[in-house]
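Contents: one structure, followed by commentary.
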């Protein structure tokens, strides 16, 4: 039952671009995420960022972070990352 109980949470912020109350507000006003009761973040890494107006929406979806390490750097400056580190 605990794994099936999910909530859709919406956090609405009133942050400004600077410390002055008359300054412009940040573009993202709300963050919407599915989560478990009592958790602040979404464990499935799926967020909807919503700004002012219906057209200012961005969906962020990802995978959980894994431990990685840089295995080598090429001559062109490209970095090769291995799948997982041996820690």
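The values are calculated or read from the model by the stated rules, or taken from the named source; none is laboratory data. Given the structure is predicted, the values throughout are model-derived calculations rather than measurements. Because the Cβ atoms are built from the backbone with ideal geometry, glycine has one as well, and the counts that use them run over all protein chains shown.
Observations
- Qualifying residue in segment 23-36 (condition: surrounded by fewer than 10 Cβ atoms within 10 Å (Cβ to Cβ), in a strand (DSSP E or B) and modelled with pLDDT of 80 or more): no
- Residue 71 vs. criteria outside any loop (DSSP other than H, G, I, E, B) and either modelled with pLDDT under 80 or at positive phi (or both): yes
- Verdict on residue 40 being surrounded by fewer than 10 Cβ atoms within 10 Å (Cβ to Cβ) and more than 17 Å from the chain's Cα centre (by Cα): no
- No other residue among 45, 83 is at pLDDT below 80 and within 20 Å of the chain's Cα centre (by Cα) apart from 45.
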